[in-house]
Amino acid sequence: MTKAETAKIMATLWAAYPGFYSKAGNGDQAAAVELWQKCFEAEPYELVSAAVYALIKVRPNSYPPAIGEVTAQIQRLEAWNLVAKALRNSAYGSEEEFAKLPPAVQRVAHSPSQLREWALMDADTVQSVVASNFQRAYTARQKSDREFEALPPAVRQYVAALTEGE
């Protein structure tokens, strides 16, 4: 994302949260643009913009989303995009499409048969209900994985041993 595109994103945030930015001076605005540009320079503008708009729409907060929230939203959108692409060929090729998905996405999608089931559903339902449920489950799974990885190695081994038999 370019600096000009980042400035557009920040203008959107300033418009959506005028009370939050009311005391920000030009130096603060320039610093915010610089920070966001560095954090999202490798991301396409359209993706960052979509993530920001999605967060503006669903968050009940009176303060703007943090960079980490936007990053998490981008990850959810990217994960769903991979699933949506896989669904195009999953009515007959769900095994192959499932195998192409990254392990983190596979854990949430569960199985090739789940992809096939979604592929055979009404497209509007898939893009609304299934997408929303998938993204929520993806977020929960990512959080659970981060918490598990934060455990001391001995505790992780113990938990892994407990769950091996399941």
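The values are calculated or read from the model by the stated rules, or taken from the named source; none is laboratory data. Remember, predicted model here, so these are calculated numbers, not experimental data. Counting neighbours? That spans all protein chains shown, and the Cβs are built from the backbone with ideal geometry, glycine included. Accessible surface is based on the protein model in full, side chains and every heavy atom, while ligands, DNA and RNA are left aside. Shrake-Rupley method; radii C 1.70, N 1.55, O 1.52, S 1.80 Å.
When the stretch 1-29 is filtered for residues that are exposed (fewer than 14 other Cβ atoms within 10 Å of the Cβ), assigned to a helix (DSSP H, G or I) and touching a residue at least 12 places away in the same chain (Cβ under 8 Å), the ones remaining, listed by number, are Lys3, Gly19.
When the helices (runs of 4 or more DSSP H) confined to the stretch 57-166 are screened for residues that are closer than 29 Å to Met10 by Cα, those reaching at least 2 such residues are found at 67-87, 131-150.
Each residue in the stretch 109-148 was checked for being touching a Lys or Arg at 6+ places or on another chain (Cβ under 7 Å) and either small (Gly, Ala, Ser) or within 21 Å of Ala54 (Cα to Cα) (or both), and 4 pass.
If I filter the stretch 79-95 for residues that are polar (S, T, N, Q), under 20 Å from the mean Cα position of the chain (by Cα) and either more than 21 Å from Thr6 (Cα to Cα) or modelled with pLDDT of 90 or more (or both), do I get at least one hit? It would help to see each step written out before you state the result.
The initial filter retains those residues of the stretch 79-95 that are polar (S, T, N, Q), namely 81, 89-90, 94.
Of the ones still in play, those that are also under 20 Å from the mean Cα position of the chain (by Cα) are 81.
From the residues that got through so far, the ones that are either more than 21 Å from Thr6 (Cα to Cα) or modelled with pLDDT of 90 or more (or both) too are 81.
Among the residues of the stretch 79-95, at least one is polar (S, T, N, Q), under 20 Å from the mean Cα position of the chain (by Cα) and either more than 21 Å from Thr6 (Cα to Cα) or modelled with pLDDT of 90 or more (or both), which makes the answer yes.
Count, please, the residues in the stretch 96-127 that happen to be within 15 Å of the chain's Cα centre (by Cα) and either over 20 Å from Gln75 (Cβ atoms) or of a type in the set (Val, Ile, Thr) (or both). Qualifying residue count for the region: 2.
A Cβ distance below 6 Å, combined with a sequence gap of six or more or placement on separate chains, defines the contacts here; from the stretch 30-41, residues that are open to solvent by less than 60 Å² (accessible area, probe 1.4 Å) reach residues that are assigned to a loop (DSSP other than H, G, I, E, B) in the pairs Phe40/Met1.
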